[in-house]
1. Here are labelled values, (1) 37, 22, 16; (2) 36, 15, 14; (3) 31, 18, 14, and one is the computed semi-axes √(5λ) of the Cα gyration tensor in Å for what I pasted. Which one?
2. With n ≥ 4 as the cut-off for DSSP H runs, can you work out [θ] at 222 nm for the chain, using -39500 (n - 2.57) per run divided by the number of residues, rounded to the nearest 500?
3. In degrees from 0 to 90, rounded to the nearest 10, what is the angle of the helix 48-71 Cα long axis to the longest principal axis of the chain?
4. Fully extended, how many nm does the chain gain between residue 27 and residue 111 (0.36 nm per residue separation, minus their Cα-Cα distance)?
5. Could you sort the peptides 25-36, 44-55 by per-residue average Cβ neighbour count (10 Å cutoff), highest mean leading?
6. By how many nm would the segment from residue 92 to residue 147 lengthen if fully extended, with 0.36 nm per residue of separation less the alpha-carbon distance?
7. Nearest 10 degrees is fine. How inclined is helix 154-176 to the longest principal axis of the chain, computing both from alpha carbons?
8. Where does each of 168-175, 112-119, 73-80 land if you order them by average Cβ count within 10 Å, highest first?
């Protein structure tokens, strides 16, 4: 097995955050039974399986943005005057409640094991894309989020991925504590006592 390439020093802290958050996600969903996996708080709400698929799709999207940035696709675009630019210093999810863009809306409910495997593959691909950066400063690469128009540096995209996932882990934990949630064992990391 090939050892991962060392990340640029400007990307290491962001990647460590994505790793910590991913571990928390997997621990939170790891012991869920079938009826817990598909529990909905109400009509029109996503179940945990759908939230996880949304997170999978989001990481695939982040990986594609990283690839485009490193490839230079946004090199000629100027940061619009007065635009906020989120960098590797991003320390929280920068959005409130948003409608998911169509590409991030989950399809039919899928098996937990299948989604966990795909999360692992997508996370590995995201890391591989980041390994391609060989420039001097990852903060010099900038692009807009296609869904919101908000701008992020390469390091900002890494942090956005982490904080988006952490944001939805909070939603999952809220579902675990919701009235009517099916009884059964929950991992101790959820903070929900049963």
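Read the figures in this text as sums done on the coordinates, not as results from a lab. What you see is a predicted model; the values in this text were computed from it and never measured. Note that each Cβ is placed from the backbone with ideal geometry, even for glycine, and that neighbours are counted across all protein chains shown.
1. (3)
2. So the helix-based figure for the chain works out to -16000 deg cm²/dmol.
3. On a 0 to 90 degree scale, this one is about 10.
4. My answer for the length gained is 28.6 nm.
5. 44-55, 25-36
6. Extending this stretch completely gives an extra 18.0 nm.
7. Helix 154-176 and the main axis of the chain meet at about 10 degrees.
8. Ranked by mean Cβ neighbours within 10 Å, highest first: 168-175, 112-119, 73-80.
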